[in-house]
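Taken together, the values in this text are just the output of simple stated rules run on the coordinates, not laboratory data. Just so you know, these numbers come straight off a predicted model, no measurement behind them. Heads up, the Cβs are rebuilt from the backbone with ideal geometry, glycines too, and the neighbour counts pull from every protein chain shown.
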Amino acid sequence: MAPISYKKYPSWLFYYDTIDSTNICATQRISAGMAQNGDVIQAGHQQKGRGQRGKIWEDEPGANIAMSLIIKVSLPGSKFALLSMMVAHVVEQYFADLFPDWQTAIKWPNDIFINDKKASGILIENIWKGSVWQYSIIGIGINVNQSAFPPELPHATSLALECGKTFDLLNIITTIRAGILNLIPKLEEQEQDIIHAYNRSLFQRNREVSFLHIAEKRKFQAFVQEVDSEGKLILLTTTGIQRYEFGSIQWIL
């Protein structure tokens with residue numbers, strides 16, 4: 001399916017009314033040699049939108065943002081966690097600037113919460129050629145103008161629900177895209193600043209939280225400390241400080 005071309009859309013934006021997944025479409029554009037750094041795939045509705053751990057990202061057609069930003073990478077592979085933290089920081093900071101009264105936070109690794117409810121999810125997928133990191137596809141879902149969520153999503157919210165206003169989707173996409181692209185060249189030199197900003201906004205930091213250890217199928221309590229430069233979550237447990245990779249534990253809300 002060809003993207004719809006509207007004069008109001010910039011040349012870097014490829015919009016589809018309905019698509020399986022913006023990340024899949026971005027991958028296909030890269031494989032076909034059609035992708036440029038900074039291109040964005042946007043969908044009015046995703047039929048197979050993907051979230052973390054294989055979950056489906058639900059969206060109300062036309063009300064929310066489903067986008068994938070294509071980045072041509074010139075970074076060492078060891079900096080993937082830093083890229084993920086930077087993207088989460090840019091989205092969280094956008095929300096914080098939008099309404100300073102909101103309590104915004106980053107739930108590890110990169111869900112964005114407003115007033116203790118999820119407003120955005122991020123899924124980054126990478127394309128490698130041998131050991132060389134070539135592209136990142138930054139998938140971002142934002143609940144924007146959706147006015148209600150099903151009962152099975154009690155922790156979901158939208159920008160509109162939190163402030164009673166509606167938003168222009170293109171303005172949000174343009175601002176977030178610019179924020180990410182502006183920081184990409186500075187990623188390594190500003191590494192410590194990015195990590196600090198991410199941890200400053202870390203969801204439930206210094207609080208006791210319930211987790212599920214996935215491999216052991218065991219629930220446990222721990223105090224959230226911070227996230228390190230490798231993207232590992234540092235917890236204070238009953239046995240001391242422990243570091244966990246993404247996918248090894250699950251946050252219990």
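Packing here is the average count of other Cβ atoms within 10 Å per residue, and on that basis the peptides 175-184, 243-252, highest first, run 175-184, 243-252. Explain nothing, just the number: relative contact order of the chain, from Cα pairs under 8 Å at least 6 residues apart, as a whole percent. About 15 percent, as a whole number. Inter-label distance, K217 to R243: 3.0 nm, where each label sits 7 Å from its Cα along the C-beta direction. Across the cross-link table entries K79/K129; K72/K129; K72/K118; K107/K232, which are compared at the Cα atoms, the separations over 19 Å belong to K72/K118. Using r as the Cβ-Cβ distance of E152 and V209, and R0 as 22 Å, what FRET efficiency do you calculate, to the nearest 0.05? E(calc), rounded to 0.05, equals 0.50.
Counting only residues at least eight positions apart within a chain, or on another chain, the aspartates and glutamates with an alpha carbon under 20 Å from that of K165 are D59, E60, E92, D97, D101, D116. With a/c under 1.5 counting as rounded, go ahead and sort segment 112-253 into rounded, prolate or oblate using the C-alpha gyration tensor (a ≥ b ≥ c being the square roots of the eigenvalues; past the cut-off, prolate if a/b is larger than b/c, else oblate). Judged from the Cα gyration tensor, segment 112-253 comes out oblate (a/c at least 1.5, b/c at or above a/b).
When each of the peptides 60-67, 232-239 is scored by how many other beta carbons lie within 10 Å of its residues on average, the order from highest to lowest is 60-67, 232-239. The C-alpha atoms of the chain define a longest principal axis, and helix 169-183 lies at about 70 degrees to it. Over the residues of the chain, the helix contribution to mean residue ellipticity at 222 nm works out to -7000 deg cm²/dmol, using -39500 (n - 2.57) for each DSSP H run of at least 4.
Here the gap between S229 and L181, fully extended at 0.36 nm per residue and compared with their Cα-Cα distance, gives a gain of 15.2 nm. Taking a spot 7 Å from the Cα of N37 along the direction of its beta carbon, which residues of segment 170-204 have an amide N less than 13 Å from it? Under cut-off, by backbone N: 181-187. Computed about its Cα centre, the charge dipole of the chain is approximately 400 debye, with only Lys, Arg, Asp and Glu carrying charge at their Cβ.
All other residues whose Cβ lies under 11 angstrom from that of L187 are scored, Lys and Arg at +1 and Asp and Glu at -1, for a net of -2. Helix 80-98 and the long axis of the chain differ in direction by around 80°, with both axes built from C-alpha atoms. Using 0.36 nm per residue and subtracting the Cα-Cα separation, the extra length available between T174 and Q192 on full extension is 3.9 nm. Separation of segment 59-91 and segment 135-212, taken as the distance between their Cα centroids, equals 10 angstrom.
All other residues whose Cβ lies under 14 angstrom from that of K232 are scored, Lys and Arg at +1 and Asp and Glu at -1, for a net of -3. Each Lys or Arg adds one and each Asp or Glu takes one away; over the other residues whose Cβ falls under 14 Å from the Cβ of S84, this sums to -4.
Rg and Dmax, both from the Cα atoms of the chain and both in Å, are 18.0, 60.
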